[in-house]
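Written out below as structure tokens is the structure these notes cover.
The values are calculated or read from the model by the stated rules, or taken from the named source; none is laboratory data. These numbers were taken from a predicted model, which means no experiment stands behind them. Positions of Cβ are generated from backbone atoms using ideal geometry, with glycine treated the same way; all protein chains shown enter the neighbour counts.
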Amino acid sequence: MSQLSMKEQSGCRKLLKLVPLDDLLPLKDTVTNRLIAVENTEEAIEAIITYSKDADELLKRKKVHRDVIFKYLANEGVAMPPNSDKHQLVRRTIEYWSSGEISRREKNTVITDEVGDGLSDLAALGKQFCQWFYGLLNSQNPSQGPPVQDWGPQHFLEDVRLRLLLCTGEQRVDEFNGAQMVSQRLHALAGEERLLFCPNLEGYGLKCISSAHGLVVVAVAGTIHRDNACLGIFDQVFGLIRSPIDNNRWKIKYVYIKVEAQSAITERQLPLITYDSKELLSFCN
């Protein structure tokens, strides 16, 4: 029977949900020697976890592809170079599960006003916002399946601005203004272009500052995926401010996105934020 720890079992459940059904069922047959019949994905995952000797053995199975492990780590905010091989990803996943990191992460937490005044702990506010925003945006991607969360212009100020910089050999800049236009363009990234954003919420992947006038600037870097392919890296800067006409809730005032295609990424480049505080504040001017 399984020798996986509780943390490993929890991590494996998340990871195995990313495995396509065409790979998951053969993986279940291999692990259980075809002795266990299942009726759905959840039963297949539980059978795999129960009959796996240890986490290392499970992760090294052929049907647990490199891209699945990479995407799992990215979803958890564990940044790895896009060209990492499967051995490196397996080792980092085992390290992650055996450390105290996993207990500190909560995914898809909705941003609320329960973070104190929002300015006393900028790092907590920034991380909570990113977990909420990318969970909401990624849920619009049809490859993720239901449920689709409540996306819309209500999350933005009426005069919000979006600046989108695409670096794919050539540079292209698009700008959008107003809550409806900005909401629609961001939605199209996930809904029509089927992109998945995996932010790096640890270390130098996330930076948060505030201005003297209550504006909070959140900068985050990460990787962009479509299905099982890593397309490149991104950095994104948000300007957040409380809306006095909406119960003083945080709203998005400004969004800047820079996307670099995989072909433009250097060999060991990680998604990191390199802007200093002055540069971050200048985005929202």
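Scanning the stretch 41-96 for residues that are part of a loop (DSSP other than H, G, I, E, B) and more than 14 Å from Thr223 (Cβ to Cβ) gives Ser52, Lys53, Asp54, Lys60, Arg61, Lys62, Lys63, Val64, His65, Asp85. Tell me, yes or no, whether the stretch 19-28 has at least one residue that is modelled with pLDDT of 90 or more, part of a loop (DSSP other than H, G, I, E, B), out of contact with any helix residue (DSSP H, G or I) (no Cβ under 7 Å at 6 or more places or on another chain) and not β-branched (Val, Ile, Thr). Yes, because at least one residue in the stretch 19-28 is modelled with pLDDT of 90 or more, part of a loop (DSSP other than H, G, I, E, B), out of contact with any helix residue (DSSP H, G or I) (no Cβ under 7 Å at 6 or more places or on another chain) and not β-branched (Val, Ile, Thr). Scanning the stretch 89-113 for residues that are modelled with pLDDT of 85 or more and over 20 Å from the mean Cα position of the chain (by Cα) yields Arg91, Ser98. Cβ separations smaller than 6 Å between residues 6+ apart or across chains give the following pairs from the stretch 58-69 residues that are of a type in the set (D, E, K, R) to residues that are part of a loop (DSSP other than H, G, I, E, B): Asp67/Asn228. Within the stretch 9-18, the set of residues being assigned to a helix (DSSP H, G or I) and at pLDDT 90 or above comprises Gly11, Cys12, Arg13, Lys14, Leu15, Leu16. Could you check the stretch 218-229 and list, in sequence order, the residues that are within 17 Å of Pro82 (Cβ to Cβ), of a type in the set (Gly, Ala, Ser) and more than 13 Å from the chain's Cα centre (by Cα)? Residue satisfying the conditions is Ala229 alone.
For every residue, the table says whether it meets (1) over 20 Å from the mean Cα position of the chain (by Cα); (2) within 17 Å of His155 (Cα to Cα); (3) assigned by TED's automatic domain parsing to the domain that holds Val160.
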residue	(1), (2), (3)
Asn200	no, no, yes
Lys207	no, no, yes
Val216	yes, yes, yes
Leu231	no, no, yes
Gln236	no, yes, yes
Val255	no, yes, yes
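Considering the stretch 165-244, the qualifying strands (runs of 3 or more DSSP E), each wholly inside and each with 2 or more residues that are of a type in the set (S, T, N, Q), run over 171-177, 229-243. Of the residues making up the stretch 67-83, just one is surrounded by fewer than 17 Cβ atoms within 10 Å (Cβ to Cβ) and modelled with pLDDT of 85 or more, namely Asp67. Here Gln154 clears all of (1) assigned to a loop (DSSP other than H, G, I, E, B); (2) surrounded by fewer than 17 Cβ atoms within 10 Å (Cβ to Cβ) except the condition numbered (1). Looking across the stretch 234-257, the residues that are surrounded by fewer than 22 Cβ atoms within 10 Å (Cβ to Cβ) and among the charged types (D, E, K, R) come down to Arg242, Asp246, Arg249, Lys251, Lys253.
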